[in-house]
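Here is the structure we will look at.
The values are calculated or read from the model by the stated rules, or taken from the named source; none is laboratory data. Only a predicted model underlies this, so the values are computations on that prediction, with no experimental measurement involved. Every residue, glycine among them, receives a Cβ derived from its backbone with ideal geometry; neighbour counts consider all protein chains shown.
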Amino acid sequence: MDSQISPTPFIAQQYTNDKKIHVLLAAATTKLPNIAEALCCNKNISIRILVTDPEEKFIAGQSSEQPALENLLQIDGVDAIYRDEDEWSPSWTRGGPVLHIELRKWAHILLVAPMSANTMAKMANGIADNLLLSVIRAWDTTGVVDMGFKPQKTMIFAALDIDACAYRHPVTKKQLKVLCDQWGWSESNPEGWVTVLPPIEKSRASGGDDTGSMMDWRDIVIAIQNYVAGSVQKS
């Protein structure tokens with residue numbers, strides 16, 4: 001398929017037997033090109049990028065590390081880019097595909113890098129007010145619904161980026177308990193479907209040093225690569 005921005009309509013079933021690992025990448029970071037290029041070194045990985053309206057301002061051609069959004073399609077393995085508006089364009093008709101459902105069916109992995117305090121709060125409370133959150137809200141958390149599309153249950157990776165005060169806020173602690181303890185994958189909870197990639201202490205783009213910055217993009221890539229390697233072994 002030719003790479004494109006906002007391709008419609010998208011039917012997940014057309015890609016069931018393509019023998020690729022499907023990665024949905026939602027990123028509001030200058031490291032988006034780095035993450036996409038590194039993951040695509042594995043030629044068995046196919047990436048579709050989700051960009052919300054605010055995130056698009058990070059990738060607008062303002063510097064060499066912030067290329068224009070369409071330039072990401074030059075990365076071999078990045079097959080499409082979707083915006084919030086694509087959920088309703090063209091206008092939906094009865095019986096037609098629903099984009100966030102089709103993306104959910106297609107994906108083996110959803111990587112949100114970074115995940116802000118706002119997105120984490122909405123995820124934990126089931127709010128779906130953009131394309132990314134609609135995908136998360138519709139996620140097959142049991143692995144039963146999409147069994148015909150995929151050999152095993154799928155995973156959401158959340159690379160947190162939250163400033164120090166917000167990270168220590170009692171509301172954040174409650175939300176992390178949901179993501180990590182109730183929904184999080186671990187050896188003691190193999191039914192989990194979320195992997196939280198915790199923040200680290202470093203200088204933030206907005207200024208200052210604190211705990212809460214997204215972990216190094218290379219470590220995020222390693223986490224995905226390790227998961228992919230384990231998934232291939234299981235299948």
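Only one of the listed residues (ASP161, ASP181) is of a type in the set (Asp, Glu) and without any contact (Cβ under 8 Å) to a residue 40 or more places away in the chain. That residue is ASP181. Note on segment 87-123: residues that are out of contact with any helix residue (DSSP H, G or I) (no Cβ under 6 Å at 6 or more places or on another chain) and not hydrophobic (A, V, I, L, M, F, W, C) total 13. Where helices (runs of 4 or more DSSP H) fall entirely within segment 125-235, those with at least 2 residues that are within 24 Å of VAL23 (Cα to Cα), modelled with pLDDT of 90 or more and in contact with a strand residue (DSSP E or B) (Cβ under 9 Å, 6 or more places away or on another chain) are at 131-137, 217-234.
Tallying residues that are in contact with a Phe, Trp or Tyr (Cβ under 6 Å, 6 or more places away or on another chain) and at pLDDT below 90 within segment 7-46 yields 2.
The number of residues in segment 92-133 being over 21 Å from MET215 (Cβ atoms) and within 12 Å of the chain's Cα centre (by Cα) comes to 6. Criterion first (in contact with a Phe, Trp or Tyr (Cβ under 8 Å, 6 or more places away or on another chain) and assigned to a strand (DSSP E or B)) does LEU103 satisfy it? Judged against the criteria, LEU103 is not a match. Go through segment 142-176 and give me each residue that's surrounded by fewer than 16 Cβ atoms within 10 Å (Cβ to Cβ) and either of a type in the set (Ser, Thr, Tyr) or more than 30 Å from ARG218 (Cβ to Cβ) (or both). THR142, VAL144, VAL145, MET147, GLY148, PRO170, VAL171, LYS174, listed by residue number.
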